[in-house]
1. Hey, could you check region 23-34 for residues that are more than 20 Å from Leu81 (Cα to Cα) and of a type outside the set (Lys, Arg) and say which is surrounded by the fewest Cβ atoms within 10 Å (Cβ to Cβ)?
2. What pairs come up if the first residue lies in region 1-24 and is closer than 17 Å to Val79 by Cα, the second is open to solvent by 60 Å² or more (accessible area, probe 1.4 Å) and not polar (S, T, N, Q), and their beta carbons are under 6 Å apart, counting only those six or more places apart or on different chains?
3. Among the residues that make up region 135-146, is at least one of them surrounded by fewer than 21 Cβ atoms within 10 Å (Cβ to Cβ), of a type outside the set (Asp, Glu), touching a residue at least 24 places away in the same chain (Cβ under 8 Å) and touching a strand residue (DSSP E or B) at 6+ places or on another chain (Cβ under 9 Å)?
4. Tell me which helices (runs of 4 or more DSSP H) are completely within region 143-232 and hold 1 or more residues being at pLDDT below 95, or say none if there are none.
5. When you check Gly41 against the structure, is it in contact (Cβ under 8 Å) with a residue 60 or more places away in the chain, open to solvent by 30 Å² or more (accessible area, probe 1.4 Å), farther than 21 Å from Pro156 by Cβ and of a type outside the set (Phe, Trp, Tyr), yes or no?
6. Does Arg102 meet the test of being among the charged types (D, E, K, R) and more than 17 Å from the chain's Cα centre (by Cα)?
7. Just give me the residues in region 44-55 being buried (at least 22 other Cβ atoms within 10 Å of the Cβ) and among the small types (Gly, Ala, Ser), in sequence order.
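The values are calculated or read from the model by the stated rules, or taken from the named source; none is laboratory data. Remember, predicted model here, so these are calculated numbers, not experimental data. No Cβ is skipped: glycine too gets one built from the backbone with ideal geometry, and neighbour counts run over all protein chains shown. Remember, those area values only see protein heavy atoms, side chains included, never the ligands or the DNA or RNA. Shrake-Rupley method; radii C 1.70, N 1.55, O 1.52, S 1.80 Å.
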Amino acid sequence: MVGHGFTNNIRKPFVARILHRLARRHSVVALDFRGHGRSGGRSTAGPDEVHDLDAAVRLARAAGYQRVATLGFSMGGSVALLHAATGQERPDAVVAVSAAVRWWTRDTDAMRRLFWLAELPPGRLAIRALGVRLAPPLPAIPPSPIEVAHLIPPTPLLLVHGSEDHYVGVDHPLALRRATDGRAELWLERGMRHAETATTPALVDRLARWLDERTTASRAGRPTSESERTAA
């Protein structure tokens, strides 16, 4: 299961490039989060999107995939973390790329500009022009990924973050790794910037191998077969 970042959707060329690369090794189920692309509804920029990912995992399991992993980028990475901790249909492994571990963080100039767009009427019109339909502000702030990260283990968890990420600083994955008592694996990618546009084909291949190895390991002791299928 692959979840995109804010303002993206599965038909964006740089998102589709990742999906096609992953499909060389895994079956891929990808979704447009609410308020994005061809999906209905309105985006909350993360908190309510966990229900979308939960439904997608349920769909994959109903389709016969015994091993189901989630891979999220930026907003999708934060959603994948929250889902792995609190979702009804938990994955067998989870990867979060360039994910913020606190909702609506404004730690960088790029994020401050983004939330200026999301919160002011002229900015909301500009975001709608990008194809994103925003929900009204939530009445209460839900738990952030770092607050529930301790619930993710023993599910295998990989955090991938660029050393030059201009949206989300490296303090985010470092803090989340501490919140899991070091049980999360961290790849700090030298020179990488943010999310899908910074994800190279070589990195996609490494993620595919990690997902294959960890989902296999997470099913140790359970029946497997030659025909067992994996969805990412």
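1. Pass one, region 23-34, residues more than 20 Å from Leu81 (Cα to Cα): 23-27.
This time we only want the ones that are of a type outside the set (Lys, Arg), so: 23, 26-27.
On the way: Ala23: 13, His26: 21, Ser27: 15.
So the residue we want is Ala23.
2. Short answer, once both residue conditions are applied: Thr7/Leu130.
3. Yes, region 135-146 has at least one match.
4. 201-218
5. Details: in contact (Cβ under 8 Å) with a residue 60 or more places away in the chain: yes; open to solvent by 30 Å² or more (accessible area, probe 1.4 Å): yes; farther than 21 Å from Pro156 by Cβ: yes; of a type outside the set (Phe, Trp, Tyr): yes.
Yes: the conditions hold for Gly41.
6. On the way: among the charged types (D, E, K, R): yes; more than 17 Å from the chain's Cα centre (by Cα): no.
Against the criterion (among the charged types (D, E, K, R) and more than 17 Å from the chain's Cα centre (by Cα)), Arg102 does not qualify.
7. Result: Ala45, Gly46.
Yes/no per residue for (1) of a type outside the set (S, T, N, Q); (2) open to solvent by 90 Å² or more (accessible area, probe 1.4 Å):
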residue	(1), (2)
Asp107	yes, no
Phe115	yes, no
Glu119	yes, yes
His150	yes, yes
Thr155	no, no
Leu159	yes, no
